[in-house]
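Trainee: Here's a structure for you.
Read the figures in this text as sums done on the coordinates, not as results from a lab. Predicted model, so just to flag it, every value in this text is computed and none were measured. FYI the Cβ positions are ideal-geometry reconstructions off the backbone, even for glycines, and counts take in every protein chain you see.
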């Protein structure tokens, strides 16, 4: 399946390069993506697909990060330096660096929209595009993947878009402490902003979250692009636990980010607003973890009361209220999700995905308390 993903990624970005909507495309492979038993390393898979495609556009390059690094930021910063060399003498305030995962498939109109928005908002140095999450077409998948695609797409269209709209002006305390960040894919940073903060952040795990938080703490807006990045969700419950544990682990790094900004002299929010922003970001993973336990406890209590012949109406009402969040987005028939899956199955999948995501908070918390910042050895998709 990784072979199929690598080949499809090369074909997609090769096609984008031919459209000439961007100046330079770098595909970055790393030393940790070594060969598995009976399979080629990712670097070799990319090379084999490029050989089949034939002529390679001048604006398309493959880079390899030879030295194993703890965080993805090392790969990104290597690509930035290559871009700086290739695009000179362009000034830093005219160069934009976009970041995508291997499974990202952005709408080609993204880059045109970015040019329009940067002209209209010259003071905005960081943009995040909305993301539609889909079930992978490679390999077996189940209800959890279907439900997770529904939940994650709903979250970006509702929660993230609302928080970004609330926080974009930065004119009030309520605006400046809106809890949102960048995603780590579908994000665009202007080169002078990266120079200002010393490149993509490498002091902790989850550079996508850290980059957005640094921008927020430095009192800079994050623009929102309407064009979509289509990204895949994990195929199985086990893969979802791995991915969600890593994401929640990153969400617990806000205090480390604030301290880093303070040491670098780029913190622009007063201490009270930093504490409020921290509290809101902390409430998200904590609430996620506790809500899953609350639903499980309420279900157990209701079942015990029913077995003893006692009324369980109150407990069932509590369970229904707590479970409403995953049920509502599961009923929304997103046009981009051609599942052909009945609403009942979408609801079951969303409830299962929501529960798994909440349970992942506890291993993330344990890792945070142990000060384990290491990213997963391999991504699950």
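Trainee: Taking the Cβ-Cβ separation of residue 3 and residue 51 as r and a Förster radius of 22 Å, what is the calculated FRET efficiency to the nearest 0.05?
Mentor: Efficiency, from the Cβ-Cβ distance: 0.95.
Trainee: For segment 187-255, what's the relative contact order in percent, using C-alpha pairs closer than 8 Å and at least 6 residues apart?
Mentor: Dividing the mean separation by the residue count of segment 187-255 yields 34 percent.
Trainee: Assuming 0.36 nm per residue, please report the length gained on full extension of the stretch residue 92 to residue 70 beyond their Cα-Cα distance.
Mentor: Working it through step by step, the gained length comes to 5.2 nm.
Trainee: Can you give me the angle between helix 313-330 and the longest principal axis of the chain, using Cα atoms only, in degrees from 0 to 90, rounded to the nearest 10?
Mentor: Long axis of 313-330 versus the principal axis of the chain: about 20 degrees.
Trainee: Using only Cα atoms, tell me the angle between helix 254-264 and the longest principal axis of the chain; keep it within 0 to 90° and round to the nearest 10.
Mentor: The two axes meet at around 30 degrees.
Trainee: Going highest first, how would you order 252-262, 212-222 by mean Cβ packing within 10 Å?
Mentor: Taking the mean over residues of other Cβ atoms within 10 Å, the ranking is 212-222, 252-262.
Trainee: Based on the Cβ-Cβ distance from residue 63 to residue 282, what FRET efficiency comes out when R0 is 41 Å, to the nearest 0.05?
Mentor: Using R0 = 41 Å, I get an efficiency of 0.65.
Trainee: Show me 74-83, 279-288, 21-30 ranked by packing, highest mean number of other Cβ atoms within 10 Å first.
Mentor: Per-residue Cβ counts within 10 Å, averaged per peptide and sorted highest first, yield 74-83, 21-30, 279-288.
Trainee: Looking at the chain as a GNM with Cα springs under 10 Å, which of 314, 325, 133 has the largest mean-square fluctuation?
Mentor: Looking only at 314, 325, 133, the biggest GNM fluctuation is shown by 314.
Trainee: Sort out for me the Cα centre separation of segment 49-106 from segment 133-209, rounded to whole Å.
Mentor: If we compute the Cα centre of each part, the gap is 21 Å.
Trainee: Report, in degrees rounded to the nearest 10, the 0 to 90 angle that the Cα long axis of helix 73-87 makes with the longest principal axis of the chain.
Mentor: Compared with the principal axis, the helix lies near 30 degrees.
Trainee: I would also like to ask the following. In deg cm²/dmol, rounded to 500, what helix-only [θ] at 222 nm does the chain give when every DSSP H run of at least 4 residues adds -39500 (n - 2.57) and the total is split over its residues?
Mentor: -17500 deg cm²/dmol
Trainee: What base-10 log of the normalised intensity I(q)/I(0) is obtained for segment 210-260 from the Debye formula, alpha carbons as equal point scatterers, at q = 0.24, 0.31 Å⁻¹?
Mentor: Per q value, in the given order, log10 I(q)/I(0) is -0.95, -1.06.
Trainee: Seen from all sides and averaged, what is the projected area of the convex hull of the Cα atoms in the chain, in nm²?
Mentor: Across all orientations, the chain yields a mean hull projection of 21.3 nm².
Trainee: Assuming R0 = 22 Å, can you tell me the calculated FRET efficiency for the pair residue 226 and residue 275, based on Cβ-Cβ distance, to the nearest 0.05?
Mentor: Efficiency, rounded to the nearest 0.05: 0.10.
Trainee: Over the chain, what is the percentage of antiparallel beta bridges among all DSSP beta bridges, to the nearest 5?
Mentor: 40 percent
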